Every structure is written in C-alpha cells, then in structure tokens.
1. Using a Gaussian network for the chain with springs between C-alpha atoms less than 10 Å apart, which of these wobbles most: Asp106, Asp70, Asp25?
2. From the alpha carbon gyration tensor of the chain, can you work out the equivalent ellipsoid semi-axes (sqrt of 5 times each eigenvalue) and give them in Å, largest to smallest?
3. Only Cα pairs under 8 Å and at least 6 apart count here; give the relative contact order of the chain as a rounded whole percent.
4. What is the helix-to-structure angle for 106-122, meaning the angle in degrees between its Cα long axis and the longest Cα principal axis of the chain, kept from 0 to 90 and rounded to the nearest 10?
5. Distance check, please: which entries in Lys22/Lys86; Lys61/Lys117; Lys29/Lys53; Lys50/Lys86 exceed 25 angstrom between their Cα atoms?
6. Which net charge results for the neighbourhood of Leu57, defined as the other residues with beta-carbon distances under 11 angstrom from its beta-carbon, given Lys and Arg at +1 and Asp and Glu at -1?
7. Please give the length that would be gained between Cys72 and Ser95 if that part of the chain were fully extended, namely 0.36 nm times their separation in residues minus their C-alpha to C-alpha distance (nm, one decimal).
8. Quote the accessible area belonging to Ser59 in square angstrom, nearest 10, computed with a 1.4 Å probe and with ligands, DNA and RNA left uncounted.
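The values are calculated or read from the model by the stated rules, or taken from the named source; none is laboratory data. Keep in mind it's a predicted model, so treat the numbers as computed, not measured. Cβ sites come from the backbone with ideal geometry, for glycine too, and all protein chains shown count toward neighbours. The area values use the complete protein model at the heavy-atom level, side chains included, leaving out ligands, DNA and RNA. Shrake-Rupley method; radii C 1.70, N 1.55, O 1.52, S 1.80 Å.
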Amino acid sequence: ITEPVSKIPLVVEKEGYLLKAKIADGGKKLRKNWSTSWLVLTARKIEFYKESKQPALVSLKPGYKPEWVDLCGACIEWTTEKSSRKNVFQITTVSGNEFLLQSDIDFIILDWFHAIKNAIDRLPKE
Ligand code: I3P
C-alpha cells in the first residue's frame, strides 16, 4: 500500500535543542523573545516543543498542536543584522512568519541549517 504524500512527513529527519525567537507573525513584527526549544524536523515542517520529552507526551493528547513552521515555499538565510548573537539564521514562511534560530556551537547550527535547507529544496515552492 502506498501512503499519500501528506502522511509521510511524520518521519523525523532531525531533532534537538536550539535557541528560537519568533520575530514576525503573518508579516507583523513581534517583540523578540529568545527561548530554548526542542525542534523536530520532518519533510515539510519544523515543530517546536519546550523539551525533548514533550513530543511523546503530546501524541497522547489528541487535539494538541505544537507551534510549527511550514517549510513549503519558505526561505532560509544567515543573518548578522537581526541579532547581536553569532550563528543566527532566519526562516521566513510563505505566510509571513519569521523565526530566528541560533546555537553558539558552530557544527550544531551548521547541521541544522543544511538539514532545513535540504528539506526546503526538496519541497514544491507551493
Ligand atoms: C531584547 C533582548 C534580545 C535582543 C534584542 C533586545 O530586549 O535583549 O535578546 O536580541 O535586541 O531588544 P528585550 O528583552 O527588552 O525585548 P539579541 O539577543 O538577538 O541581540 P534587538 O532589539 O536588537 O533585536
């Protein structure tokens, strides 16, 4: 049996902690508020959780939807202007949501950048 494409994105490609700040919602600027977040990357989205144990607990709670980013048509780019921190990149969604992601550890942020960029490049541009 072949699964419809919409069911496949449940496969986790990468997960781990990063610092996250959402800076715009639907094109509207938000006050920057960095917080540590557990990221779960699947084929077409990133979900954000407070901690690594949460995804398993959330699956027991029907109806709960974590904050997430739709990668379809999204842009990813390094930025040195949007933060005083090092190793910051920005994801901008089609719907005008903007997220900054950061780690002080170079290889960790590089791995995430490439994993997310690969996911975006594989997706249709909406
Ligand atoms: C912000 C906070 C952020 C900082 C931001 C400040 O202040 O210090 O950490 O971003 O700088 O405005 P507040 O907590 O009062 O909102 P960075 O750490 O990314 O530099 P910004 O205004 O230059 O974005």
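1. Judging by the Gaussian network model, the answer is Asp106.
2. 23, 17, 15
3. It comes to 25 percent, rounded to a whole number.
4. The two axes meet at around 50 degrees.
5. Beyond 25 Å: Lys61/Lys117; Lys29/Lys53.
6. Surrounding charge for Leu57 is +2.
7. Values: separation 23, 0.36 × 23 = 8.28 nm, distance 1.02 nm.
Length gained between Cys72 and Ser95: 7.3 nm.
8. 90 Å²
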